[in-house]
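The values are calculated or read from the model by the stated rules, or taken from the named source; none is laboratory data. None of these values were measured; they are calculated from a predicted model. Using ideal geometry, Cβ is built from the backbone for each residue, glycine included, and neighbour counts are taken over all protein chains shown.
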Amino acid sequence: MTTPRVIAIVPVGAIEGAKSRLGAVLDAEERRDLALRLAAGTIGAAVATPGIDETLVVTPDDEVRELALRAGARPLRQRGGGLNDGLRQARDEAIAAGADAVLVVPIDIPQVTPERLAQVIAHSGGDGPLVAIVPDRHDRGTNALFLSPPDVIEFCFGGDSKDAHIGAARAAGARVEVLDGPLTLDIDTPEDLLIAQAETPEAVGG
């Protein structure tokens, strides 16, 4: 059995103005520094993950593209639109590069490590299409999404994306795996930031 070619996709929005919901506890420069630290950690983890053959970073931000190059990833200039549009652009690139599966990893997951990402893609065993989801700690959003094949479903990020991704997977006849663990913590609110500072201070500068 041949080993599937897995390509990671890390979407990163504009750094300026990032993490605006943390405005009550961090000023603009602190939020910018946090976003860059998280981006560097996520890209570095994806590049170092056993079983991930290439990491694509789709972003409109010049500084993030330079960061991606230094980390050993391939930067893609996002041509516009929102998160799902950028992911579709990156998926097209991944399919053109021969991907059998893609792993989408947003940058706001402070406890991301190569070992934890490897555990997500380890669920690719078995026959037929697969959608593996790591939900957020509120069990509503999607913190990581593994698709085999890459176009088994459309991206449904935004709002209650966990249920949207599960619904799309079932409609496509794909096997669904919902995974738990440290990757369920993301940084979206001041409360999330406090938890991350307590559990992973090196990742968030806490």
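For region 125-149, a residue qualifies if it is assigned to a loop (DSSP other than H, G, I, E, B) and of a type in the set (Gly, Ala, Ser), and the qualifying residues are GLY125, GLY126, GLY128, GLY141. Selection of region 85-114 for residues being without any contact (Cβ under 8 Å) to a residue 40 or more places away in the chain and surrounded by fewer than 16 Cβ atoms within 10 Å (Cβ to Cβ) yields ASP85, ASP92, ALA96.
For (1) within 12 Å of the chain's Cα centre (by Cα); (2) of a type in the set (Ser, Thr, Tyr); (3) buried (at least 22 other Cβ atoms within 10 Å of the Cβ); (4) at pLDDT below 90, each residue gets a yes or a no:
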{"residue": "ASP33", "(1), (2), (3), (4)": "no, no, no, no"}
{"residue": "LEU36", "(1), (2), (3), (4)": "no, no, no, no"}
{"residue": "THR42", "(1), (2), (3), (4)": "yes, yes, yes, no"}
{"residue": "VAL47", "(1), (2), (3), (4)": "no, no, no, no"}
{"residue": "ASP53", "(1), (2), (3), (4)": "no, no, no, no"}
{"residue": "THR59", "(1), (2), (3), (4)": "no, yes, yes, no"}
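Quick one: in region 195-206, which of the residues that are within 18 Å of LEU36 (Cα to Cα) and in a helix (DSSP H, G or I) is modelled with the lowest pLDDT? So the residue we want is ALA203. Quick check: anything in region 51-74 outside any loop (DSSP other than H, G, I, E, B) and closer than 20 Å to ALA174 by Cβ? No. Counting the residues of region 169-181 that are under 17 Å from ILE109 (Cβ atoms) and surrounded by fewer than 16 Cβ atoms within 10 Å (Cβ to Cβ) gives 3. Of the residues making up region 182-194, those that are of a type in the set (A, V, I, L, M, F, W, C) and surrounded by 15 or more Cβ atoms within 10 Å (Cβ to Cβ) are LEU183, LEU185, ILE187, LEU193. Surrounded by fewer than 24 Cβ atoms within 10 Å (Cβ to Cβ), outside any loop (DSSP other than H, G, I, E, B) and at pLDDT below 90, is that true of ARG21? The answer is yes for ARG21. If you check ILE153, ILE166 for being in a helix (DSSP H, G or I), at pLDDT 95 or above, out of contact with any Ser or Thr (no Cβ under 7 Å at 6 or more places or on another chain) and crowded, with 17+ Cβ neighbours inside 10 Å, only one passes: ILE166. Filtered by the rule that a residue be within 20 Å of LEU117 (Cα to Cα) and either at pLDDT 95 or above or not in a helix (DSSP H, G or I) (or both), region 169-182 gives ARG175, VAL176, GLU177, VAL178, LEU179, ASP180, GLY181.
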